[in-house]
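Some notes on the structure that comes next.
A short reminder: the numbers here are calculations on the coordinates, not readings from a lab. A quick note: this is a predicted structure, and the numbers were derived from the prediction, not measured.
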């Protein structure tokens with residue numbers, strides 16, 4: 001049975017810090033993994049999509065890495081800003097299902 | 001380019017009733033997926049439609065059903081509502097879907113429909 005875990009569940013850091021969010025999954029036979037952010041009461045915004053053949057993807061201050069064999073992905077946020085405050089979810093997709101982690105609730109302190 | 005739209009945004013129903021939610025994908029997108037989000041269970045995959053066919057299905061009872069029309073718009077129906085069905089229902093669209101089908105594409109989410117069952 002596939003499971004997805006995100007650590008930490010919540011994180012508060014001062015503005016300007018670099019930070020790393022972790023996502024681990026059982027069953028390494030994923031096809032891709034997507035990172036999202038969700039603002040309170042709203043839908044999800046796609047941040048990065050990593051195909052299973054890729055090791056990382058970058059978009060602006062965000063960098064996501066994927067180590068499929070060890071079942072891990074990390075989302076690196078550089079120079080954090082108050083606008084980055086949100087819940088971040090990772091979602092690996094297997095052949096017939098997508099499973100979301102419970103998310104990391106991030107709060108950037110001004 | 002318009003994003004994914006969902007209607008209605010908010011809905012209050014009584015236990016035992018049925019409800020239909022609607023999702024219009026981004027123009028050109030052929031895959032629509034539905035998700036249920038609750039505080040306790042998080043985000044859970046309901047089903048995915050592609051070219052009017054259900055392609056993948058999550059672990060939900062048969063009271064949850066859906067369909068997709070030729071213009072890729074999709075509807076989700078929940079019959080015999082239970083209190084536990086209260087949730088935010090999200091739909092997402094992508095060009096061809098994710099996972100094993102063709103090349104994986106990013107999913108774009110709508111704002112969701114907040115369903116409250118009393």
Normalised Cα Rg of the range B:1-97, dividing by 2.2 N^0.38 Å with N its residue count, works out at 1.03
State, as an integer percentage, the relative contact order of chain B based on alpha-carbon contacts under 8 Å between residues 6 or more apart.
-> 35
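Checking the a/c ratio against 1.5 first, then a/b against b/c, what shape does the Cα gyration tensor give for the range A:6-47?
On the way: a/c = 2.23, a/b = 1.39, b/c = 1.60.
Oblate, because a/c is 1.5 or more while a/b does not exceed b/c.
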For the range A:54-110, what class follows from the C-alpha gyration tensor (a ≥ b ≥ c being the square roots of its eigenvalues): rounded when a/c is under 1.5, otherwise prolate if a/b is larger than b/c, else oblate?
-> oblate
With no solvent and one equal point scatterer per Cα, compute the Debye intensity ratio I(q)/I(0) for the range B:31-85 at 0.20, 0.25 Å⁻¹ and report its log10, rounded to two decimals.
-> -0.72, -1.02
Hydrodynamic calc, the range B:1-46: Kirkwood Rh from Cα pairs, then Stokes-Einstein at 4 °C with viscosity 1.567 mPa s, so D in µm² s⁻¹ is 101
In cubic angstrom, how much convex hull volume per residue do the alpha carbon atoms of the range A:39-85 span?
-> 93
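When the expected Rg is taken as 2.2 N^0.38 Å, what fraction or multiple of it is the alpha-carbon Rg of chain A?
Working: Rg = 13.3 Å, N = 110, 2.2 N^0.38 = 13.1 Å.
In units of the globular-protein estimate, chain A measures up at 1.01.
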Evaluate the Kirkwood expression for the hydrodynamic radius of the range B:55-95, namely the inverse of the mean inverse distance over all pairs of different C-alpha atoms, and round to one decimal in Å.
-> 12.0
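Two decimals, Cα atoms only, Kirkwood Rh: what is Rg/Rh over the protein assembly as shown?
Values: Rg = 17.4 Å, Rh = 18.0 Å.
For the protein assembly as shown, the value is 0.97.
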